[in-house]
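Comments concern the structure below.
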Amino acid sequence: MGKTLLRKIWDLHTVRRLPTGQTQLFIGLHLIHEVTSPQAFDMLRRRGVHVAFPERTYATVDHIVPTLDQRRPFADELAEQMMAALETNCREFGIRFSDLGTDRQGIVHVIGPELGLTQPGMTIACGDSHTSTHGAFGAVAFGIGTSQVRDVLASQCLAIDPLKVRRIAVASALGPGVYAKDVILEIIARLGVRGGVGYAYEYGGPAVERMSMDERMTMCNMSIEGGARIGYVNPDETTFEYLAGRPFAPAGAAFDRARAWWRSMASDPDAAYDDVVELDGSAIEPRVTWGINPGQSVGVSERIPAPSDAGADGGAVGEALEFMDFTAGAPIAGTRVDVAFVGSCTNARLSDLREAARVVSGQRVAGHVRALVVPGSKDVRRAAEEEGLHEIFQAAGFEWRGAGCSMCLAMNPDRLHGREVCASSSNRNFKGRQGSPTGRTLLMSPAMVAAAAVAGEVTDVRGMLG
Amino acid sequence: MSTTDSSDRRIDRVAGTALPLRGNNIDTDRIIPARFLKAITFDGLGEHAFEDDRQSMRNHPFANPAYARASILVVNENFGSGSSREHAPQALKRRGIDACVGESFSEIFLGNATTIGLACATAAAPDVEFLMAAAERDPETPMVLSVDAQSIQAAGRTLALDMPVGVRESLLTGQWDATGLLLDDFDAVRRVAAGLPYAAGF
């Protein structure tokens, strides 16, 4: 019986079995940012412990970065304090840092791949739940908390329990106007927001194999929204092509050796899985969330469910409808939006911006809608500007901002106000997520956000793509 | 480097009253909204636990003075889903919560809680309901949770609890703060690092 990629990587990185029964797992790449690391460095200082492998940690700043005025010191004193702490910590402990002043700053899950730091066969940890994104490369990547950030800094290891593997195979091809975001929202709707607890999700099948790396990252990014701490795609030619020439990827003969090893780390054809789920990619339509967790979504042609619907968790549906102030049985299309946000580690890469720009090209954002595009990194922003995407967005009435997490979680000045409804390409529609305790989030693909911005309401983007 | 003495950190028994918090999928954004993460310490997080839910929901148990001194939080399914922010269990711990009993927990939350010595255990749905009802009927109902026995005593009954082996052992041996343990055999760490093709530049 063959092995899964998860098992191969796990075995290779296992240091020993701890007396507690957990695995001591070596972490090949540790990514850090300003929000979940300062306390970890303070704990190291208090204990007089140094960073064991500083060359295996890489830092950036993303959550608190203002996307309009980035001059230092920041207007927000707390944000400035966090920024300064990360600068001091990286300097003191000898950690590489894509600081705001460099051209490599951006959301941690965007810059890791784009710099070639993220590679197949690695274990990757970061104090952020969307670290599952990096699994798109065939890495075992997962989010951790601050005390675990301390553990990785001190030892480059974690004490962790192994996971089961569920293979999710997406057959056939996606229709036009249907994206990786729609597939992952469908998967979470089907398996539930806690269906993945205890599992790593392996995504495969023809629809996934055809996806670009950007799309695979979108899929893996939202694994955690389905309860799966890890999501991954087996590495293939698409992966290797993406990595070739990246600043931290191997080059020349080393790249050829790396490619052979990367290929060997993919799940074996006869690998045993703890569970297998299959779905038909051609049956998926653009999806939109109507509730307060990412599992609460419908196809854009469908209606908002009722608490009494068969199979529905009535209490959860009722609570969501009350918070959203939506009517059971109403079509989701036509829901008025106040804000349109294209951004986040889920959907702010170059191909996401291209798809959104295709929709808004020659159009105007509806008069009552506040719309912004926040590129995932400075590199994405620069590449988009080289293609003129910023001009398309600005001509349509979108604001064109600097790179960061922005309105996905509103730790910078970008936020919802009051009861605003936001069409968002981000990953969480939790109560209060976008900065207003009563604000409302509708998750969808970047193209669907663009369509909603223009129409002023939720609308099927397939009618707007030529 | 040798393991620091962990015997004084052993956690077996949590005795106190309970705080019942009903609902599935209570995410970490609700436990501690992101704006309170804008700080370089965990200080003061306790007073902001469930800040927005306390404002917007009627009779939120975290706003009820009857549960102000509770040390055992009782929850339903998938508690602590979403963001990996350790600020969530930190806020609970600083609010006085030493143990959580629920139908299920998000994995990242469970890991974070364990690393700060906040004991989380699962119980069958009817048993969770029994504990919630007992605490709602009388907030002063005493409860005793045993990590070793994997049980909780309340209102005349002893209910079975479940914990992953690693979590249970970490708490019982006081090694939930894993740094010392992970540094115990650093030669083995170096050996694994040296065997990784990517660490050697291929």
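Computed from the coordinates by the stated procedures, all read-outs in this text should not be read as laboratory data. From a predicted model like this one, the values you see are computed outputs, not experimental measurements. Using ideal geometry, Cβ is built from the backbone for each residue, glycine included, and neighbour counts are taken over all protein chains shown.
Using the Cβ-Cβ distance between B:ARG137 and A:ASP309 with R0 = 22 Å, the FRET efficiency computed as 1/(1 + (r/R0)^6) comes to roughly 0.10.
Overall, the stretch A:10-160 carries a charge dipole of about 640 debye about its Cα centre when +1 sits on the Cβ of Lys and Arg and -1 on the Cβ of Asp and Glu, all other atoms neutral. Name all residues of the stretch A:20-46 having a backbone nitrogen under 17 Å from the label point set 7 Å from the Cα of B:ARG9 along its Cα→Cβ direction, giving them as ranges. Zone members listed by number: A:20-25, A:39-46.
Here the relative contact order of the stretch A:164-283, from alpha carbon pairs under 8 Å that lie six or more residues apart, stands at 40 percent.
Taking a ≥ b ≥ c as the square roots of the Cα gyration tensor eigenvalues, with a/c under 1.5 meaning rounded and otherwise prolate when a/b beats b/c, else oblate, which class fits the stretch A:10-160? Oblate, since a/c reaches 1.5 and b/c is not below a/b.
Partner shielding of B:98-111 amounts to 4, given as the average count of beta-carbon atoms from other chains within 10 Å of each residue beta-carbon.
Pairs of alpha-carbon atoms within less than 8 angstrom and 6+ residues apart define the contacts here; what relative contact order does chain A have, in percent? Rounded, it is 17 percent for chain A. Estimated from the Cβ-Cβ distance and a Förster radius of 56 angstrom, the FRET efficiency linking A:ARG210 and B:GLN55 is about 0.75. When you count the other C-beta atoms within 10 angstrom of each residue and take the mean per peptide, A:345-356, A:317-328 line up highest first as A:345-356, A:317-328. Each stretch of four or more DSSP H residues adds -39500 (n - 2.57); spread over every residue of the protein assembly as shown, this sum gives -9000 deg cm²/dmol at 222 nm. Charging the Cβ of each Asp and Glu at -1 and of each Lys and Arg at +1, and nothing else, the dipole of chain A about its Cα centre rounds to 880 debye.
For a modelled paramagnetic label at B:ALA68, 7 Å from Cα along Cα-to-Cβ, the residues of the stretch B:127-144 in reach, with backbone nitrogen under 16 Å, are B:139-140. Per-residue packing, averaged as other Cβ atoms within 10 Å, sorts the ranges A:446-458, A:88-100 into the order A:446-458, A:88-100, beginning with the highest. The distance between label points at A:ASP11 and A:THR102 comes to 3.6 nm (points 7 Å beyond Cα on the Cα→Cβ vector). Peptide B:19-30 has a mean of 4 when you count, residue by residue, the C-beta atoms of other protein chains within 10 Å of its C-beta. When the stretch A:169-233 is described by a simple charge dipole with +1 on each Lys and Arg Cβ and -1 on each Asp and Glu Cβ, the residue from A:GLY205, A:ILE224, A:ALA180 located farthest towards its positive end is A:ILE224.
Under the convention that each Lys and Arg Cβ holds +1 and each Asp and Glu Cβ holds -1, the size of the dipole of chain B around its Cα centre is about 360 debye. Could you pull out every one of the aspartates and glutamates with an alpha carbon less than 14 Å from that of A:LYS378, ignoring same-chain neighbours closer than 8 positions? Here the aspartates and glutamates satisfying the reach criterion relative to A:LYS378 are A:ASP62, A:ASP99, A:ASP103, A:GLU114, A:GLU386. Our note on the geometry: Cα centres of the stretch A:247-271 and the stretch A:1-23, 20 Å apart.
Once both labels are positioned 7 Å from their Cα atoms along Cα-to-Cβ, the gap between A:SER301 and A:ALA244 label points is 4.1 nm.
The mean count of C-beta atoms from other chains within 10 Å of the C-beta of residues in B:169-176, rounded to a whole number, is 3. By the rule of a C-alpha distance below 17 Å, with chain neighbours fewer than 8 residues away ignored, the aspartates and glutamates paired with B:LYS93 are B:ASP12, B:ASP27, B:ASP29, B:ASP43, B:GLU47, B:GLU51, B:ASP177. A straight line joining the Cα centroids of the stretch A:278-356 and the stretch B:2-46 runs 32 Å. Note on A:LYS164: aspartates and glutamates with a C-alpha under 18 Å away, same-chain residues under 8 apart excluded, are A:ASP11, A:GLU202, A:GLU225, A:ASP268, A:ASP270, A:ASP274, A:ASP275, A:GLU278, B:GLU107. Comparing B:VAL165, B:ALA49, B:VAL144 along the charge dipole axis of the stretch B:10-177, the residue lying farthest to the positive side is B:ALA49, per the Cβ-charge model. The gain in end-to-end length when the A:GLU386 to A:ASP280 segment is fully stretched comes to 34.5 nm, 0.36 nm per residue minus the alpha carbon separation.
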